[in-house]
Amino acid sequence: MSAEIGLIPIVPAQAQILAALHAEGFDQPWPAEAFTSLLENPARSGSLALVGAEPLGFIMIQTTPGEAEVLTLVVARQNRGRGLGQRLLEWAIESAAGAGCARILLEVSESNEAARALYERAGFRQIGARSGYYAHGQGAQTALLLARSVVGPSSTR
């Protein structure tokens, strides 16, 4: 990928794009209406990665006093393994720090080894688990609850 990757704020008008990207990464993707509804709340924001007009992936976070949560992160299949997830995650950590949050949380399926490796490299550590949280085929997957500080030595700044 030699073209310049740009990050732009996500807005409700991009709901169809977000839903299409989300469908590439999740067994139970969120519909466009869910993104429209989520983005009506000013505590929720995100960043869409583009090359030209081509959407490559996005991240959405929610901030509350002192804490942020990654609601979803997805990179289009053909763009995985190129550092885009890391770039989006860095945006989220910086946004959380800018909002005055002390830590950032996320959930990841225990079976999603690529995402777990990304989060570990970014300084996230497991603080809990939710058994049977994600529907997966005929069964369910455990969600691992991960967290990291957005300030101090583990920060990406």
(request) Have a look at GLY66, GLY98 and point out the one that is surrounded by fewer than 18 Cβ atoms within 10 Å (Cβ to Cβ) and in contact with a Cys (Cβ under 7 Å, 6 or more places away or on another chain). (result) GLY66
(message) Out of everything in the stretch 1-19 that is surrounded by 15 or more Cβ atoms within 10 Å (Cβ to Cβ) and not polar (S, T, N, Q), what residue ends up being modelled with the lowest pLDDT?
(response) ILE5
(request) Residue by residue through the stretch 50-84, note down the ones that are modelled with pLDDT of 95 or more and small (Gly, Ala, Ser). (result) GLY57, ALA68
(request) Find the residue count for the stretch 115-129, including only residues that are farther than 15 Å from THR72 by Cα and either at pLDDT below 90 or outside any strand (DSSP E or B) (or both). (result) 6
(request) Considering each of PRO29, PRO42 in turn, give the residue that is surrounded by 14 or more Cβ atoms within 10 Å (Cβ to Cβ) and part of a loop (DSSP other than H, G, I, E, B). (result) PRO29
(request) Looking at (1) in a helix (DSSP H, G or I); (2) surrounded by fewer than 20 Cβ atoms within 10 Å (Cβ to Cβ); (3) in contact with a strand residue (DSSP E or B) (Cβ under 6 Å, 6 or more places away or on another chain), find the lone condition where GLY85 falls short. (result) (2)
(request) Would you mention how many residues in the stretch 45-67 are closer than 17 Å to ILE104 by Cα and part of a loop (DSSP other than H, G, I, E, B)? (result) 2
(message) Residue pairs, Cβ under 7 Å, 6 or more apart or interchain, first in the stretch 138-149 and among the polar types (S, T, N, Q), second in a loop (DSSP other than H, G, I, E, B) and at pLDDT 95 or above. List them.
(response) SER149/ALA102
(request) From (1) within 21 Å of HIS22 (Cβ to Cβ); (2) buried (at least 19 other Cβ atoms within 10 Å of the Cβ), pick out the condition that doesn't hold for ARG130. (result) (2)
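Would you be able to say whether some residue in the stretch 140-149 is assigned to a helix (DSSP H, G or I) and modelled with pLDDT of 90 or more?
Scanning the stretch 140-149, I find no residue that is assigned to a helix (DSSP H, G or I) and modelled with pLDDT of 90 or more, so the answer is no.
The values are calculated or read from the model by the stated rules, or taken from the named source; none is laboratory data. Owing to the predicted nature of the structure, the values given are computational and were not obtained by experimental measurement. Glycine gets a Cβ as well: all are built from the backbone with ideal geometry, and neighbour counts include every protein chain shown.
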